[in-house]
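Structure record follows, encoded as structure tokens.
The values are calculated or read from the model by the stated rules, or taken from the named source; none is laboratory data. Just so we're clear, the structure is a prediction, and the values are computed from it rather than from any experiment. Ideal geometry is used to build each Cβ from the backbone, glycine not excepted, and the neighbour counts take in all protein chains shown. For the accessible areas, the whole protein counts, side chains as well, though only heavy atoms, and no ligand, DNA or RNA atoms are used. Shrake-Rupley method; radii C 1.70, N 1.55, O 1.52, S 1.80 Å.
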Amino acid sequence: MRAAVITFPGSNCDRDLAVGLAMAGAEVKRVWHKDSTLPDGIDLVGIPGGFSYGDYLRCGAIAANSPICKAVKAHAEKGGYVFGVCNGFQVLTETRLLPGALMRNAGLKYICRTVGLEVGENSSDFMNGYSAGQVIQVPIAHHDGNYTATTEELDRLEVEGRVAFRYSDNPNGSDRNIAGITSANGRVLGMMPHPERAMEDAHGSSDGARLFAGLIGAMATA
């Protein structure tokens, strides 16, 4: 699998995401936000965590209008895989590749700790390494991770089986405990927790590694 990881001004998890994908066997290319095209033959685009453009305006709003995001949207619209983590999830909602928005945490404080995530009944290739109902341990690190959507959007996510992860103990006030969702075709995943920070036991959990390995395994047998 060939993956591209985008770097914006203020990204701070781009290297972590690139390393996580490489550990799972992907060939990774790094892409700058001012580029207008993706490298040839890219299967997956990774949008990392951080504070793109300093989180001015709304988190992810400026990044969503950068030159490279036009190419990311085109990639997704052609059926390509896109994975957004934390600030990357915010970017995906701002580009409207995913519904809803990420608001200020209910407690109005930055949260950085490992949390339990319940795996949803989601058939996306991103979920290939997990079982529905399984609880995994993955770190969070965000100030604006409160997922919010209209009742109609939330109901659609539930009915279509697009909730990928829910918080076991909601840390930020997210609607229906949602921590991650997928697009209608399952090719776009956005999540606030950081699986790239849970790749090996030395990190305190290796549960994140199963996301990357599962996706690459699913693509290899497709």
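Entry remark, segment 1-56: residues being within 17 Å of the chain's Cα centre (by Cα), part of a loop (DSSP other than H, G, I, E, B) and among the β-branched types (Val, Ile, Thr) number 0 in total.
Residues in segment 80-119 that are in a helix (DSSP H, G or I) and among the β-branched types (Val, Ile, Thr): 91, 93. Residues in segment 176-187 that are open to solvent by 10 Å² or more (accessible area, probe 1.4 Å) and among the aliphatic types (A, V, I, L, M): 184 only.
Sub-6 Å Cβ pairs linking a first residue in segment 91-107 that is closer than 13 Å to residue 188 by Cβ to a second residue that is of a type in the set (Lys, Arg) and buried (at least 16 other Cβ atoms within 10 Å of the Cβ), at least 6 apart or interchain, are 95/73, ordered by first then second residue.
Limited to segment 188-209, what total is found for residues that are charged (D, E, K, R), open to solvent by 30 Å² or more (accessible area, probe 1.4 Å) and modelled with pLDDT of 95 or more? Break it down into steps so the answer makes sense when it comes.
First pass over segment 188-209, keeping only residues charged (D, E, K, R): 196-197, 200-201, 207.
Still in the running and open to solvent by 30 Å² or more (accessible area, probe 1.4 Å): 197, 200-201, 207.
Subsequent filtering for residues that are modelled with pLDDT of 95 or more retains 197, 207.
Result for segment 188-209: 2.
For residue 144, work out the one condition from (1) outside any helix (DSSP H, G or I); (2) free of Cβ contacts under 8 Å to residues at least 12 places away in the same chain it doesn't fulfil. Of (1) outside any helix (DSSP H, G or I); (2) free of Cβ contacts under 8 Å to residues at least 12 places away in the same chain, only one is false for residue 144: (2).
Take residue 136 and tell me if it is under 14 Å from residue 86 (Cβ atoms), in contact (Cβ under 8 Å) with a residue 24 or more places away in the chain and of a type in the set (Val, Ile, Thr).
no
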